[in-house]
Structure formats: structure tokens, C-alpha cells
1. Given a cut-off of 18 Å, name the pairs among 251/463; 509/639; 71/167; 431/463; 289/333; 300/351 whose C-alpha atoms lie farther apart than that in the structure shown.
2. Taking just the C-alpha trace of segment 52-134, give me its Rg and Dmax in Å.
3. Which value, in Å², gives the accessible area per residue of the chain when a 1.4 Å probe is used on the protein heavy atoms?
4. Of the DSSP beta bridges with both residues in the chain, give the percent that are antiparallel, rounding to the nearest 5.
5. Starting from the Cα of residue 435, step 7 Å toward the Cβ, then list every residue of segment 234-249 with an amide N under 17 Å from that point.
6. Using 7 Å Cα-to-Cβ label points, what is the residue 328/residue 369 separation (nm, one decimal)?
7. What nm value, rounded to one decimal, do you get for the distance between residue 252 and residue 186 when each label is placed 7 Å out toward the C-beta?
8. Please find the FRET efficiency linking residue 812 to residue 118, where r is the Cβ-Cβ separation and R0 is fixed at 25 Å, and quote it to the nearest 0.05.
Amino acid sequence: MKNPTATFQCLVIPPISNLKLKCFVLFLLLGLFVNSQNQETLMQSEKTNDPFIREMDSSLTLYSYNNPVEKVYLHTDRDLFSSGEHLWYKAYAVLGEYHQFSLASKVIHVDLIGPNNNILVSQTHGLLDGKAIGSITLPKNLFSGNYQLRAYSNWMRNFDDNFFFTKIVKVVGTTDMPLPAQNTVETIDLQFFPEGGHAVAGLMGQIAFKAIGSDGLDKRIRGYVKDSRGKPLVHLGVITRGSGFFHLQPKLGENYTAILDDGSEYPLPKIMDEGYTMAMKNTGQKNIKVKIQATESLRKTPFYILGHINNKKYYQSKFEFGNQETVSFEIPKNGFPSGVLALTLFDQNKKPWCERVVFINNREELIIRAEISPEKPSKRSEATVDISVTNTDGEPVSAELSLAITDVGQVIKKPNSGNIMTYLLLQSDIKGHISNPGLLFKDQNRLTLHAMDLVMLTHGWRKFPWQEIQESTMPTKEFEFTKGLTISGLARSKFDKRFKNIDLNVIAKSGDIVGMFSTKTDRDGKFIIPDFNLSGSTRIVFNAMSNTKKPLNVQVTLDTNKISAAPSHFKSPTIMGNTKEVTKYANFSSARKNMRLLYDYNKTTELEEVVVTKKVAKMREPSMPSALGQAPDATLYTKEIRATNLTLVNLVSRFAGVSVIGSIPNYRVRIRGGGTPLWVLNGIPINQGGPQPVGIAGSVLPAPVPMQIATMDISNVERVEILKGPSAVIWGSRGANGVFLVYTKRGGGSELVLSPEFDVMGHATEREFYSPNYSVKLDRHSAPDYRATLYWNPSFRTNNNGKARLLFYNSDNAQKFQLSIEGLSDGGKPGVYLRTFGE
């Protein structure tokens with residue numbers, strides 16, 4: 001092997017967290033290394049001009065730009081529930097290699113999938129700066145069993161759905177799920193994974209294996225590997241998580257078979273007659289040791305190694321064998337962000353031969369600490385939670401967090417289960433189930449690192465499609481970054497003719513939230529309203545305007561626009577047994593349900609969650625209801641006015657606080673001496689008149705009243721409503737100076753303009769978690785309090801000092817409390833805290 005030339009280079013990093021200059025001495029073996037923080041490349045000029053590196057740089061940059069990696073994670077209040085309860089969650093959506101909050105997607109999908117792969121609940125939520133909060137009301141008729149919670153964005157559907165967020169939650173139902181036909185003989189799925197991808201004749205290599213039972217769980221197996229003549233070669237034994245490994249130097253034309261102790265046989269993968277092997281040792285703290293072998297013909301040409309994390313390239317090197325049979329080198333870890341690093345070996349013709357993933361854990365996570373005071377709060381007493389967040393250097397960090405406090409006597413999260421850190425750094429880039437992922441992050445000793453490397457060897461990963469990357473153009477994506485829901489349909493005149501190229505103004509109201517949308521029909525009368533992000537049952541009103549801004553009668557037919565959930569692949573044959581944990585929780589759950597029946601102070605029946613609502617169009621009644629259901633501050637009815645020569649402006653001057661200036665066509669109206677008010681005719685905002693001139697002493701006069709209003713005869717008007725101050729807030733900034741709502745009569749001298757109304761379902765309704773305040777005495781507080789989740793706060797931030805303080809009240813029976821805090825800094829550093837208090 002040729003002696004590699006080591007390049008010394010000192011990089012001065014700008015001031016970072018501790019305000020000290022840091023200089024990294026990087027020894028690169030014929031390589032190019034990309035620093036993760038500054039994204040600067042340390043290059044040798046002769047390597048920069050290498051055609052392979054130059055072309056791959058261009059291709060990878062183009063691919064990464066067009067294929068950013070987006071991930072979604074859900075933090076739930078707990079992992080065990082009973083049917084009919086609320087499951088509370090906080091959604092974190094991140095984008096790119098640094099896991100920063102995603103600003104690309106504005107919508108996420110959340111599904112609850114049953115043990116038989118049926119989607120029971122499907123929701124969407126609007127994302128605000130990469131965050132959303134939500135809940136699922138578990139159906140009351142669920143069987144006991146394991147259910148899957150799944151989350152993803154529309155953009156993520158362009159890629160393998162193995163990388164959707166999934167989580168198993170246990171549900172205690174009214175009855176156990178019917179048992180499937182029992183298979184008396186359990187089958188084992190034994191899979192083999194040659195390191196680097198292939199076993200090559202004549203080259204010693206490592207082959208990992210993983211054993212999975214018919215229940216989808218890891219299995220322990222024993223056995224051996226034999227050749228075609230039956231000669232035992234190596235022993236098979238599980239090390240951890242159903243996995244193990246052995247070394248084998250296969251022979252050309254030979255076939256190998258694994259024999260387990262139960263006599264079952266499993267063939268090993270086909271042996272390649274030509275190729276490379278890539279052996280790595282990643283059990284050291286600082287470096288990854290790499291050893292490359294190749295068959296004789298391939299040792300005559302150079303090869304390249306590229307390394308990437310989340311579609312971002314961090315390492316590239318060129319090597320030659322010379323007269324040696326192996327090439328060995330080390331890759332320093334300190335230049336990479338934490339995560340799954342994929343290393344790919346190419347020949348000089350850009351053909352990928354080997355690929356191997358390793359995990360980098362530079363322990364850059366947030367350090368979260370919390371204290372409860374008092375540590376053992378008494379029955380229904382107030383407790384304070386003080387939270388602090390720092391980086392690994394001890395410096396305070398302002399971070400976005402979510403917190404669940406649960407009664408340990410009823411339910412407890414396992415410390416080695418998945419969390420936001422294990423998911424973003426590991427699980428989101430690896431295929432298949434990883435049992436107890438928290439154990440892989442507990443420390444950096446050799447046993448932990450070796451267990452992590454076995455996971456890397458035995459799971460599929462988020463691979464680069466190298467053939468697609470090397471093409472000159474990128475294929476068009478089927479699924480875009482979604483900015484909101486879509487409402488579409490067809491607009492027609494009252495004579496059933498399609499309205500072409502007309503303006504549609506849409507007013508949408510969900511609870512106290514009002515949205516205004518504008519669109520235009522196409523040549524076929526079709527329209528689309530994109531980026532619709534209201535939640536729950538939403539009333540929408542359509543108003544059509546001619547080119548002269550005159551209201552038109554319009555008939556609207558809405559498209560179904562049903563949001564299709566991605567196909568699911570969940571199967572859970574495992575029946576949840578009556579363990580001590582489940583039985584205890586079932587008893588508390590039953591007690592809570594009985595208490596709700598005995599102490600129903602609201603005298604209400606909670607309805608099941610509605611997923612789809614029927615859209616109903618209806619004509620307005622002869623006496624048109626107030627726009628958006630808003631209660632006016634005052635109303636004037638024309639039937640109470642005897643004078644017949646009044647204009648509409650004369651009429652509104654009778655409202656208290658309203659003054660009129662000028663005359664036709666320059667009427668100017670103001671409410672309480674304010675600026676230009678908003679005029680709304682039959683629910684349609686009317687454009688104002690001319691500019692606002694300067695009056696006496698420099699004061700600004702209101703704009704002229706719209707001509708359509710100024711010349712309107714009150715004989716055509718049924719009533720006028722006025723909104724002032726807070727009641728006008730629903731109309732946004734346009735209603736800041738007050739609003740006049742004018743309603744015309746049906747029949748008589750004026751025909752009522754048809755404004756179709758629909759009820760549509762927006763995003764899932766955001767519920768508020770009920771946390772009692774026992775410092776205030778209420779009738780409902782006489783009911784026994786057996787809450788499992790004592791407190792849930794899905795969104796709060798630490799201040800610039802890294803501090804936050806929260807309050808909660810204990811229940812009647814909780815003596816031990818588990819705090820589960822998860823979160824993310826603005827720079828994308830995850831943090832986790834899980835601790836039990838009261839012990």
C-alpha cells in the first residue's frame with residue numbers, strides 16, 4: 001500500500017458558545033473533509049480538480065437541494081391508555097441535517113392504526129414554525145391491544161414510508177381482541193447482512209444476522225454455518241436484540257447454509273466472484289477504523305469513499321491499493337454532526353460497490369434538569385416545577401419543550417424507550433423496529449458502541465439513489481410541501497351557467513377565528529382555495545363579484561377533497577396480556593369512568609370525535625342572520641323608520657357615536673371620531689372610496705363612503721348593524737375603525753344576492769388539557785380525582801437564562817410522579833429528561 005500523505009490544516013472557528021476561538025487540527029488521508037458547523041471544505045487543490053470528486057460534488061449538491069430530509073416526531077403524555085380516553089401529543093417537524101424546525105411544511109398527518117391495519121382516526125394539523133399540538137379521543141369500542149400512532153408530512157410521502165414516525169401505544173379496551181388462529185409452530189425469519197453489502201469470494205468478511213419471530217419481536221437462536229459438504233464452519237449465537245455476527249472467507253462457487261438447533265435451515269446470500277469488502281470498527285471514542293479489500297482486478301484502479309448524513313455530504317476521499325492487498329485508514333468523528341453516517345465506495349467509473357452505515361454520537365444534546373417543590377406534594381396541593389436547560393458546556397439555552405407529569409402508581413414510561421433524541425438521530429434513518437433504543441445512548445463505553453454497531457449492521461437505512469443522483473435532471477416529486485388544506489369546486493350563475501373568470505370572496509369562521517380568502521374561477525368555472533388552515537367545523541360563505549365589483553348571485557358545488565391517508569402496514573398479532581401494569585391501570589381507568597358518570601356537573605354527553613363532516617349548502621333565510629354569527633353592538637331596522645326620503649348614510653347617522661360629514665357623492669362617516677369604517681353588504685366587504693384627505697389642524701378625514709352605499713335607498717334595506725371596538729376585531733385590521741353590516745330585503749325593490757354557505761371540516765380541533773386549580777373552590781372539585789396524567793403542557797420555552805417555572809396540582813392518590821420532558825433548541829439540538837419523584 002502506498003503511504004498516504006497526511007495533510008495538516010488548522011481551521012479557526014468564529015466565536016461560538018463559550019466565546020473562545022477553537023482550532024481543530026485535521027489529519028486527512030488523501031481526503032476532503034467537510035466541517036459540520038461552518039459547512040466549509042478543507043480541500044487539497046489537486047483533489048478539488050479530480051473529475052470524479054468535481055462531478056459528484058455537483059450531483060450531490062443538486063440532489064440534496066431537491067431532496068431535503070424532513071422528519072416528524074410526536075411526544076405523547078404517556079404510552080398506556082384505556083378506550084375513550086384522550087391521547088395528548090406535541091408534534092415536532094424538522095428539516096435538514098441539523099434538525100432545525102421545518103418552515104417548509106405547514107401541515108402534518110397523524111393517524112391511529114388498529115392491530116389489523118385499519119386506520120381508526122386520521123387527522124391533519126397546521127404547523128406553526130414546525131410545531132403543532134393535538135389530541136386523539138380513543139374510540140370507546142376498542143379492543144385491548146397494541147395500536148400504532150403514525151405521523152408524517154406530505155413531503156415525506158415522496159420517500160420510503162418506513163421513515164414515517166411510528167409509535168406503539170397500549171390500549172386497555174372493553175374486551176380483549178379476538179385471538180387469531182394459533183400457529184403451534186413459531187417461524188423464525190433469519191436474515192443475513194454481509195458488511196458492506198456483499199460477501200466476496202476469497203475475501204475475509206464479517207456477516208451479521210438478525211432473528212425475528214412471527215410476532216415481530218427479536219428472538220434468541222443458536223446454530224452453526226456449514227458449507228455444501230456439510231462441514232461446520234462457524235458458530236451462530238445471539239449477542240443482543242436477536243442479532244450477532246461471524247467472520248467467513250467464502251470460496252468461489254460454494255454455497256453456505258445456517259442450521260439452527262431446531263433443525264431449520266437458512267441459506268446465506270449468494271457469493272460474489274468480484275468486488276470489494278468494507279470492514280469498519282466504530283467502538284472507539286474518536287475515530288472510525290476502516291479496512292478495504294478487493295479482488296485482484298479491482299486493486300489496479302483507484303476507488304473513492306463518500307460519506308453523508310441526512311443527504312448532506314461530510315466526507316470524500318480517493319485511495320489506491322498500489323502493491324498492497326488492503327487499504328486501512330481512520331476517519332475522525334469530531335467533524336460530523338451526531339447521526340447515521342453512510343459511507344459508500346465507488347470505483348473510478350462512479351459505480352457504487354459497497355455501503356456501510358455507522359453511528360456518530362458526539363453527545364451534543366441539550367442537558368435538561370428539573371426539580372419539584374415540594375418533592376412529595378400532599379393530596380390536591382400545589383407543586384412547582386423548575387426547569388433548566390443548558391448545552392454540554394453548561395451554558396443556558398432557550399428551547400422549545402413539552403412536559404408530561406404522570407402518576408407513577410398508574411402508568412410509567414420506560415427509561416430505555418424511544419424519545420425525541422433517539423428518534424431524530426437514529427430511528428428516523430433506520431428501517432425496522434429497534435427495541436430499547438434508549439440503551440444505545442446511555443454512555444460511550446465499548447459494549448454500548450458495539451451494540452449500536454450491530455444495529456447499524458442489521459437494519460436498512462435511508463439510502464441515496466445513486467443512479468438518480470448521477471442523472472442530469474431530478475424527477476418531479478409527486479407530493480409537495482403542503483401549506484394548508486385545499487377547498488375546490490365549481491361556481492355557476494343562478495341560470496346554471498358556469499361562471500368564467502369571476503372573483504370569489506370567501507369568509508370562513510371556525511369558533512372565534514375568521515379567515516378571508518380570495519380566488520378566481522377559471523374558464524370552466526372551477527376554483528381552488530389553497531392554504532386553508534382553520535380547524536374543526538368551519539362555516540364558509542361564498543360571495544361572487546363581477547368585473548365592476550358588483551355582487552352576483554352564485555351557486556357553488558364543492559369537490560369532495562377528501563384527504564387520503566398514506567397506506568398503512570401495521571400488523572400486531574401480539575395480544576396484550578393481563579400484566580400487573582395493565583391490570584392496575586385498568587382498575588384505575590374503570591374507577592375514573594364510574595366517577596365521571598356519578599359526578600357529571602355539566603350534564604353533558606361527550607361526543608365521539610368527528611373525522612369527516614358533510615358539506616351542506618343553504619340559502620339565507622328571508623331575514624338574513626348576522627354575518628359570521630357576530631352579535632352586533634346595535635341594530636337599526638328600516639321598518640321602524642317612517643321617513644321615506646332617507647339615504648342609507650342618513651340612516652346610520654342615527655347610531656350613537658356616528659357622525660356624517662359632507663354630502664353625496666362625498667359622504668364621510670366615522671364612528672367615535674375614528675378613521676374609515678368597513679362597509680359590508682350582505683356579508684361582502686365593499687371597497688372604500690377615494691383617498692383620505694387632511695382636514696382641519698392636519699387631522700385625517702375618513703375615506704368617502706363607497707358609491708354603492710352612498711346612493712342606496714333604504715326602501716331596499718332590511719336593517720343595518722354596527723360593530724364597535726372589541727366586537728369588530730373579528731374583521732381584522734379592516735374593522736379597526738368599526739364595521740357597518742348592511743342587509744337588503746328579499747323581494748320588493750331588491751333581490752337578495754345568493755351567498756352559498758357550507759360547513760366543512762378543517763384541521764383537527766385543538767383541545768385544551770384540563771388541569772384543575774384547587775385554590776379555587778368549584779362544585780366539580782367534589783368529585784374524586786384519579787387522574788393518570790396530572791399535567792400536560794405541550795408548548796413552553798425556557799427564557800434566555802435557560803429557565804422555566806410551571807405549576808400543577810396533585811390528585812387524590814398520586815404519591816410518586818414521573819416527569820417526561822422533551823424538546824429541541826432552535827439550532828436543532830434535542831434534549832430529554834425522564835425522572836421519578838417521591839421515591
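1. 251/463; 509/639
2. Considering segment 52-134 through its Cα atoms, Rg and Dmax are 17.5, 60 Å.
3. That works out to 47 Å² for each residue.
4. Of the beta bridges lying entirely in the chain, close to 95 percent run antiparallel.
5. Zone members listed by number: 237-245.
6. Result for the modelled spin labels: 4.4 nm.
7. Each label point lies 7 Å from its Cα, and together they span 4.3 nm.
8. The calculated FRET efficiency here is 0.10.
The values are calculated or read from the model by the stated rules, or taken from the named source; none is laboratory data. Please read all numbers here as calculations on a predicted model, not as lab measurements. Every residue, glycine among them, receives a Cβ derived from its backbone with ideal geometry; neighbour counts consider all protein chains shown. To get the accessible areas, we keep the full protein, side chains included, count just its heavy atoms, and leave off ligands, DNA and RNA. Shrake-Rupley method; radii C 1.70, N 1.55, O 1.52, S 1.80 Å.
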